[in-house]
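These notes concern the structure reproduced below.
The values are calculated or read from the model by the stated rules, or taken from the named source; none is laboratory data. The shown structure was predicted, so the numbers you read here are calculated from the model rather than taken from an experiment. We place every Cβ from the backbone using ideal geometry, glycine too, and count neighbours over all the protein chains shown. The area values use the complete protein model at the heavy-atom level, side chains included, leaving out ligands, DNA and RNA. Shrake-Rupley method; radii C 1.70, N 1.55, O 1.52, S 1.80 Å.
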Amino acid sequence: MVFAPQQTVFVILSFEGPDVYSQAGGLGVRVKGLSRTLAQLGYQTYLYFCGDPDLPGEESHESGRLVYRRWCQWISARHRAGVYDGEEGKIRDWNSSLPPSLIDNVISPAVESGRNVVVMGEEWHTSWSMNLLSDTLYYRGLRDRVVMLWNANNTFGFHRINWTALALAATITTVSRYMKFKMWERGLNPIVVPNGIPRSSIQDADPVVVADLKSAATADHFCFKIGRFDPDKRWLMAVSAAGYLKRHGKRVRLLMRGGREAHGGEVISHAQHQGLNVVNVNAPAEPAGLSAVLREFPDADVVNFTSYISDAMLGVIYPACDAVLANSGHEPFGLVGLEVMAAGGLAVTGATGEDYANSYRNALVVETDDAIELVTELNLIQQRPRLAAAIRRRGRVTARAYTWEKVIEQLLLRIEFAAAQQAVRLPETALENPRSARRRTRNPETPLG
């Protein structure tokens, strides 16, 4: 392996990160899983992100191989509504302060110790810093030891990117064929490297807890939807389907968790106009608390959670529900669908970036924004439980193919191409006999900077 752990340092640049403060969508989940798995595989890894202002500026995990560096905290302290509160000020601070610090504290020491560095920028917020970083590395004679990738997870902010400069600075990647085609429209031809999920997410929840949650729901259709309150997520379609089912005599329970976006008000109003009873509650910390909420509000058709839902809670909700509605109209990858499959749930996806989803095999895939299509699919799995069970089983098989370990295998091969494209000079040990290389390589567990 050219980019073996003892020869390579990874740096991930992302506004979103693992802190609750830093999570607004799938990007925070992505970089948390990717960085942690790289460290577990033996790579010294640094994750720079706009972190919680009340947490340490630097924090180590995985025996020191994973280092969190929380950036822009002095701005975050004055903008506590989340990672994108004070966004423009954070971008300016990130661009001015991060590149020189990264070079001095990580890249230069890594190169001096005989290692190469892979820098991965995520989303439009990091595009300028990738350009600045590449230029500064050239001036300092280090550019030929650093592989630079920039990844598009969505089309957000595309109008603000200087694509010509970015394509010169980095090899451009994206997360699905759908996104590749979207970028073709701009004259770009990115490399597809899919998202992944932690291997630990592939597990069975306590069957007693799952059964209790199902019992508390007492519904013909027990569904869940989570994501930003964005029209692209087709919240109105989901709510309309629930209303249709109720008007036709079915007992519906729809659990949902959105964000702070203004569209949330429209969603709640639409639910009420559909004749659905809505209750707003804080998400409980334990699954037993969720069952208690359902029993406390037996007439609630929609339970809208207004606070963060933990991964542990999601791991129970996904398999307990009849379906998880990830029915987006524009979904660059669809990480929720994979997470649902991993937990043994049944995902209903859209038909855009969810390359992994095959309708009636490992998921239900809606092709339109017509609520009647969603109603038909929900009735189908209620009437054909053996098909629903088979979809869940095959979904679990699919999830195993998308663990971060398997995705990183693909990523490393793509990095070899990017290194050749960028004329990155590999350390001598990468070209020698692997046994002698191991003898000459310094200890990979020594953090840099």
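What number of residues in segment 193-207 are open to solvent by 40 Å² or more (accessible area, probe 1.4 Å), closer than 13 Å to D311 by Cβ and assigned to a loop (DSSP other than H, G, I, E, B)? Walk me through it before giving the result.
Step one: list which residues in segment 193-207 are open to solvent by 40 Å² or more (accessible area, probe 1.4 Å), which gives 198-200, 203-204, 206-207.
From what is left, the residues that are closer than 13 Å to D311 by Cβ are 198, 200, 203.
The next check asks that each one be assigned to a loop (DSSP other than H, G, I, E, B); those that pass are 198, 203.
The qualifying residues number 2.
Out of all the residues in segment 363-410, which are part of a helix (DSSP H, G or I), of a type in the set (D, E) and in contact with a helix residue (DSSP H, G or I) (Cβ under 8 Å, 6 or more places away or on another chain)?
Initially, segment 363-410 is screened for residues part of a helix (DSSP H, G or I), giving 371-383, 385-400, 404-410.
From the residues that got through so far, the ones that are of a type in the set (D, E) too are 373, 377, 405, 409.
E405, the sole residue that qualifies.
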Read through the list (1) farther than 16 Å from D232 by Cβ; (2) open to solvent by 10 Å² or more (accessible area, probe 1.4 Å); (3) in a loop (DSSP other than H, G, I, E, B); (4) in contact with a Phe, Trp or Tyr (Cβ under 9 Å, 6 or more places away or on another chain), then give the number of the only condition that E331 fails. (1)
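For segment 180-192, how many residues are basic (K, R) and crowded, with 17+ Cβ neighbours inside 10 Å?
First, pick out the residues of segment 180-192 that are basic (K, R): 180, 182, 186.
Then keep just the ones that are crowded, with 17+ Cβ neighbours inside 10 Å; that gives 180, 182.
Selection size over segment 180-192: 2.
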Listed residues E354, E409, E367, E405; which is among the acidic types (D, E), modelled with pLDDT of 95 or more and crowded, with 16+ Cβ neighbours inside 10 Å? E354
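Given the criterion touching a helix residue (DSSP H, G or I) at 6+ places or on another chain (Cβ under 9 Å), open to solvent by 20 Å² or more (accessible area, probe 1.4 Å) and at positive phi, identify the matching residue among E87, E123, E62. Before you say what the answer is, go through the steps one by one.
Details: E87 fails: at positive phi; E123 fails: open to solvent by 20 Å² or more (accessible area, probe 1.4 Å).
Criteria check complete, one pass: E62.
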Only one residue in R140, R177 is surrounded by fewer than 21 Cβ atoms within 10 Å (Cβ to Cβ), among the basic types (K, R), within 20 Å of the chain's Cα centre (by Cα) and modelled with pLDDT of 95 or more. Which one? R177
Take the residues in segment 28-58 that are of a type in the set (A, V, I, L, M, F, W, C) and touching a strand residue (DSSP E or B) at 6+ places or on another chain (Cβ under 8 Å), then tell me which one is most open to solvent (accessible area, probe 1.4 Å). L55
Cβ-Cβ below 8 Å, separation at least six or inter-chain, first residue in segment 368-380 and within 17 Å of W235 (Cβ to Cβ) and in contact (Cβ under 8 Å) with a residue 40 or more places away in the chain, second open to solvent by 40 Å² or more (accessible area, probe 1.4 Å) and among the charged types (D, E, K, R): which pairs? D369/R234; L378/D322
Could you say which residue among S97, S134, S108 is in contact (Cβ under 8 Å) with a residue 24 or more places away in the chain, part of a helix (DSSP H, G or I) and closer than 26 Å to L413 by Cβ? S134
With the structure loaded, tell me whether S359 is open to solvent by 30 Å² or more (accessible area, probe 1.4 Å) and under 18 Å from M256 (Cβ atoms) or whether it fails that test. no
Would you say G17 is buried (at least 22 other Cβ atoms within 10 Å of the Cβ), at negative phi and part of a loop (DSSP other than H, G, I, E, B)? yes
